[in-house]
Amino acid sequence: MTARPDTIAAIATATGRGGIGVVRVSGPLVPVVAQALLGCDPVPRRAHLARFRDANGTVLDEGIVLRFAAPHSYTGEDVLELQGHGGPVVLRQVLLACLAAGARHAEPGEFTRRAFLNNRLDLAQAEGVADLIDAASAEAARGAARSLVGEFSSRITTLVERLTELRLHVEACIDFPEEEIDPADRAWQARRGAELLADLGAITSEARQGAVLREGLAVVLAGAPNVGKSSLLNRLAGEDIAIVTPIPGTTRDHVRATLVLEGVPIHLIDTAGLRDAGDEVERIGIARTWEAIAKAGAVMHVVDVTRPDTQDDPAMEARFPVGVPRVRVANKIDLAGQPPGREDREGETSIALSARTGEGVPDLRGWLLEVAGWRPQGEGVFLARERHLVALAEAAGALARAVSEAQPIELFAEDLKVAQQALGRITGVVTADALLGQIFSHFCIGK
């Protein structure tokens, strides 16, 4: 028999002053807390105007009370929400009165953790709550909302159900060794595995796009001194963030700016010009530039079309990380009298533009969206976290092994099991207390 959960309370609204503040209480002592503060246990799912009192009967505040009876609440437990004025002092007094009545202070994310443990939300939906709160753009908020209402979980659950059906078929073949396995059965199993792998690939593609919506794309501007990196950063950001002078080596440390393109956060990092440094400070700046390039999600290699010495540097290009998307940005076309444009050839992209006039910059913005994985039909995208992508990749690897022609049926079955366990970690079907603690510890106290 499991122990009865205790009752938790916390301020559920953001820190600071506001017109309205909410104190939330959840657990079996909600009727006791309500009686202590309100003098009654309100009728569930109706708004009540009431005065909030402490143990001495002193009026602390007056506001709206909402009572939710288990299991029809956010946490699946009895819940009381006290909606009063949003001053930090009065909210603290109301919270202390709840604690005096028998509740304890909630830990970060504990309300949502209880919702998960009481099967009100699965793990992906619970993470959607935090992502919705932290969303930095309207598109990210819509993606988080889709995760919260269960679209991501539904796709994963459907995939797991089909995977379970295939596992049952394969296990049946193994459990009856006296029956010779029909080649048609193996062919059907291989086809179903391939179908699952294709569908998993589609989900992974959407999840990757959702991860970019959530985290953003880090893009480093690299190149020789005075090729216009800082001017390009200012043009893309729409304001003068970086200092621009004709003196080489003006940028010694990283200058950062974030712009949002079609809802995708793009984190631009302007770096020190790459050359043989003249002093110790510049040498440190150049070393940091290479460190930033090594960690970048994409690199813009900026060159000056009026200076041939900046346009072809095999030694510099050889140091750019393999596999990281890169574009060659030919800047200052206004000085050279060249037209703007984009050229894609043999897997390499070049964009001619002018950071000063803005000609050709729309082509660069388009390239950034392509690298970020943005698609115009991104309405179906849901936010994803790194652990989701890792689990999807593990499941895809196991399925790919399973459908290989040379795979014995026993190993086929084992790979299907590995794939199912990996997908189960996304929604919390297969999980561990350590994983739960890590996830919910990042929530705010009132969630």
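Computed from the Cβ-Cβ distance with R0 of 41 Å, the FRET efficiency linking residue 190 to residue 386 stands at 0.85.
Using the Cβ-Cβ distance between residue 6 and residue 40 with R0 = 30 Å, the FRET efficiency computed as 1/(1 + (r/R0)^6) comes to roughly 0.85. What's the long-distance tail for the range 8-106, i.e. % of Cα pairs beyond 16 Å? The proportion of pairs with Cα distances above 16 Å equals 48 percent. The calculated FRET efficiency for the pair residue 92 and residue 72, based on their C-beta separation and a Förster distance of 25 Å, comes to about 0.30.
A simple spin-label model places pseudo-atoms 7 Å from Cα toward Cβ; at residue 256 and residue 99 they are separated by 3.5 nm. Full extension of the segment from residue 107 to residue 47, taken as 0.36 nm per residue of separation minus the current Cα-Cα distance, would add 18.9 nm. For the listed peptides 186-195, 202-211, 220-229, a ranking on the average number of other beta carbons within 10 Å per residue, highest first, reads 220-229, 202-211, 186-195.
On full extension, the segment bounded by residue 64 and residue 161 gains 30.5 nm, given 0.36 nm per residue less the C-alpha separation.
Note that the range 75-122 shows a convex hull volume over its alpha carbon atoms of 94 Å³ per residue.
No value in this document is a laboratory result; all are computed from the given coordinates. As the structure is a prediction and not an experimental result, all values here were calculated from the model. Cβ atoms come from the backbone with ideal geometry, glycine included; neighbour counts cover every protein chain shown.
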